[in-house]
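See below for the structure under consideration.
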Amino acid sequence: MKEIKYRTSKKWAGSIAVLLGSGFLLAFFLSGRNFYNSTVIGLALACLLLILNAFSGIYLSVGNKSACKVDCFVIKKCINIEHIKRISRQPTFNLDKSFGDVYKSLYIISDSDGKMKYLELPNESFTEETGAKIVKHLKELNPNIELDEQTLILIKKYENPDKIKL
């Protein structure tokens with residue numbers, strides 16, 4: 001089986017781009033429209049890198065043996081699929097119960113040689129549909145993975161093949 005890359009949501013990346021672009025324009029106008037100011041140039045480059053990162057620098061790749069989350073194009077964290085013990089879907093934020101229920105992250109948890117490792121896939125950047133695809137894919141590769149109740153609910157939500165776009 002070939003490696004599959006699960007990318008972040010374009011809607012999420014577009015939101016990041018709009019926010020950063022707005023911040024850059026604000027800084028540009030506050031600097032007196034002096035584009036050659038080193039602060040404005042540095043801010044423009046930082047915004048560009050963050051926008052590129054949001055669109056294509058964050059992804060999860062799943063092969064036959066390992067699942068790897070890549071951040072900022074080069075920061076890579078991998079776990080062996082055979083060692084994955086469970087996948088849970090928990091609130092990303094612990095601020096308010098109603099707020100936390102809206103934003104849930106997938107946690108892929110492994111235990112290798114007594115060392116616990118995990119990959120976090122935030123719902124803000126990876127859509128629920130993508131999360132369901134990832135869980136199904138990993139479960140196919142390792143049927144022994146335990147799923148919590150929230151993860152099972154997520155899978156059932158996208159169980160109908162007509163709902164999932166490939």
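For the structure I just gave you, tell me whether residue 63 is at pLDDT 90 or above, on the phi < 0 side of the Ramachandran plot and open to solvent by less than 20 Å² (accessible area, probe 1.4 Å). The answer is yes for residue 63.
Within region 124-139, not a single residue is at pLDDT below 90 and farther than 20 Å from residue 8 by Cα. Annotation for region 68-83: no member residue is within 30 Å of residue 149 (Cα to Cα), open to solvent by less than 80 Å² (accessible area, probe 1.4 Å), within 14 Å of the chain's Cα centre (by Cα) and modelled with pLDDT under 80. Has region 48-70 got any residue that is over 21 Å from residue 136 (Cβ atoms) and assigned to a loop (DSSP other than H, G, I, E, B)? Looking for residues that are over 21 Å from residue 136 (Cβ atoms) and assigned to a loop (DSSP other than H, G, I, E, B), one finds none in region 48-70, hence no. Restricting attention to region 1-26 and to residues that are in a helix (DSSP H, G or I) and open to solvent by less than 30 Å² (accessible area, probe 1.4 Å), the residue that is farthest from residue 59 (Cα to Cα) turns out to be 21.
What's the number of the condition residue 29 fails, among (1) part of a helix (DSSP H, G or I); (2) of a type in the set (Phe, Trp, Tyr); (3) at pLDDT 85 or above? Unmet for residue 29, out of (1) part of a helix (DSSP H, G or I); (2) of a type in the set (Phe, Trp, Tyr); (3) at pLDDT 85 or above: (3). Do the conditions hold for residue 49, that is, is it open to solvent by 50 Å² or more (accessible area, probe 1.4 Å) and under 21 Å from residue 19 (Cα atoms)? Against the criterion (open to solvent by 50 Å² or more (accessible area, probe 1.4 Å) and under 21 Å from residue 19 (Cα atoms)), residue 49 qualifies. Residues in region 106-129 that are in a helix (DSSP H, G or I) and touching a Leu at 6+ places or on another chain (Cβ under 8 Å): 128 only.
The values are calculated or read from the model by the stated rules, or taken from the named source; none is laboratory data. As the structure is a prediction and not an experimental result, all values here were calculated from the model. Methodologically, a virtual Cβ is constructed for each residue, glycine included, from the backbone with ideal geometry; neighbour enumeration extends over all protein chains shown. To get the accessible areas, we keep the full protein, side chains included, count just its heavy atoms, and leave off ligands, DNA and RNA. Shrake-Rupley method; radii C 1.70, N 1.55, O 1.52, S 1.80 Å.
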